[in-house]
Amino acid sequence: MLTNFARWIASVIAVFIPIKKGTLLLLEYSYPSGSNTRILGESLLPYFDVHTADGVAFLDPVRSFGELLPKIRLYLHTAQFEVLVSTHGLKKIKKQQLMIELWHGIPLKAMGSMETTDADSAEKRFSMDYLITSSKLQSMQLDACLHIDFHRHRILGSPRNDWLYREPQDLIGRLHGRNDFDKAVLYMPTFRTGYLGRTEGNVGQDLFNFGSLGEEAAFLQWLEEQNILLLVKLHPMEEKALLEKVRRFRSDHILVLQSELLVQHDIDLYELLPETDMLITDYSSIYFDYLLLDRPIVFANADLETYRRTRGLLLEPYEHWTPGHKAQDYEGLREAIERSLTEDRFAEKRMEIRDLFHLHQDGRSSERITEFIRQNRKE
């Protein structure tokens, strides 16, 4: 209620705030965990006066009267810009503004109206002019979840995937101090706690939520024997809590990609992806983007049935949409990694899923979106 009141006050006052032509505001939510706005900003700079603001601050609700005035000021700040670019949904203050929504991933897990409960489906939060997607299939997903009419969709691609087409820069070496490993494997799970105050799937003490610290230790020893570097990137919503899981590790074969570390080196996660040989995930949308690299993917999905009940999956049957070996324990995970690196029998299936979700596979999404914004500026 207070959030809506703050927005209403801002919309009234904003009538007297002129829009500055040629200005563009990027709402940053995801850096350094896969930012769509950061790389797009580089492409926009020659054509706009580009500014950046913390998008998370716009999403946070107003919980007390003490937070009301700062939120109004925040809304009024956006009223001066000709173009707004977001990735997590935003209601613009002035109708005259051009609102571009990039979204933040191709979803496997259910969200919004497609979840198993009505916890996140009560309100349509968006007022964008255009929603940028990577394919007609992703457009159908987002329409089902968020109810955004297709005439507002533009299939131009995801800017952050442009990083996947650039030459590697030995960023792992910069972050770790060495890069003489035989293979680099990225483990990036989705969050299980912290969203709407609920727990989704199983949460264990071990890194992969398999429920065995002893088997976890043996698995980490195997990584060292195979000279495999395990890169661990936790979801930003859980980074502090899950960091406790990895603090006990003392191994050169594990590199935790904390947000603080990536920011310190001015590196976005997607810049690192071309330097990895394999992805391990559970239900994170990153695997759809990783398909563009045509490298093996392993799915650690021991809590699949629990996750179906507590959050829900947008795409079923699960086996059809997840082109990779599955692992429900540490022995299975080790076998899945070995088989993926030697046989790679899911290569053809990966290409099939990749082509369904990525119309453009050229590393030029930022260029397309920049040109689209230039052509659709509101006069």
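The values are calculated or read from the model by the stated rules, or taken from the named source; none is laboratory data. All figures in this text were calculated on a predicted structure; none of them were measured in a lab. Cβ atoms come from the backbone with ideal geometry, glycine included; neighbour counts cover every protein chain shown. All accessible areas refer to the heavy atoms of the entire protein, side chains included, with ligands and DNA or RNA removed. Shrake-Rupley method; radii C 1.70, N 1.55, O 1.52, S 1.80 Å.
A few notes on this one:
- Residue match in region 57-65 (condition: farther than 26 Å from P236 by Cα and surrounded by fewer than 15 Cβ atoms within 10 Å (Cβ to Cβ)): yes
- Tally of residues being closer than 19 Å to T87 by Cα, assigned to a loop (DSSP other than H, G, I, E, B) and modelled with pLDDT under 95 across region 106-125: 9
- Every pair of residues 6+ apart whose Cβ atoms lie under 6 Å, when the first sits in region 301-325 and is within 19 Å of M278 (Cα to Cα) and part of a loop (DSSP other than H, G, I, E, B) while the second is open to solvent by less than 30 Å² (accessible area, probe 1.4 Å) and among the hydrophobic types (A, V, I, L, M, F, W, C): T322/F299; P323/I353; G324/I297; G324/V298; G324/F299
- Of all residues in region 125-166, those satisfying the criterion of being among the hydroxyl-bearing types (S, T, Y), touching a strand residue (DSSP E or B) at 6+ places or on another chain (Cβ under 8 Å) and surrounded by fewer than 21 Cβ atoms within 10 Å (Cβ to Cβ) are S127, Y130, S135, S139.
- Conditions (1) under 25 Å from I19 (Cβ atoms); (2) modelled with pLDDT of 95 or more: number failed by V185: (1)
- When residues of region 251-288 are limited to those that are open to solvent by 20 Å² or more (accessible area, probe 1.4 Å), hydrophobic (A, V, I, L, M, F, W, C) and assigned to a helix (DSSP H, G or I), the one nearest to D344 (Cα to Cα): L261
- Residue that is nearest to N4 (Cα to Cα) [pool: residues in region 19-42 that are assigned to a helix (DSSP H, G or I) and open to solvent by 30 Å² or more (accessible area, probe 1.4 Å)]: R38
- So R174, is it within 16 Å of the chain's Cα centre (by Cα) and at pLDDT 85 or above: no
- Filtered residues of region 341-379 (kept if assigned to a helix (DSSP H, G or I), more than 23 Å from P107 (Cβ to Cβ), open to solvent by less than 50 Å² (accessible area, probe 1.4 Å) and touching an Asp or Glu at 6+ places or on another chain (Cβ under 9 Å)): A347
- Checked against the criterion of being in contact (Cβ under 8 Å) with a residue 12 or more places away in the chain and part of a helix (DSSP H, G or I), the candidates I72, I100, I93 yield just one match: I72.
- Region 261-320 - residue that is more than 23 Å from I39 (Cα to Cα) and among the polar types (S, T, N, Q) and, of those, modelled with the lowest pLDDT: T310
- For region 205-244, residues that are over 15 Å from T190 (Cα atoms), open to solvent by less than 30 Å² (accessible area, probe 1.4 Å) and in a helix (DSSP H, G or I) total 5.
- Screening N209, N227 for residues that are at pLDDT 95 or above and more than 30 Å from L137 (Cα to Cα) leaves exactly one candidate, N227.
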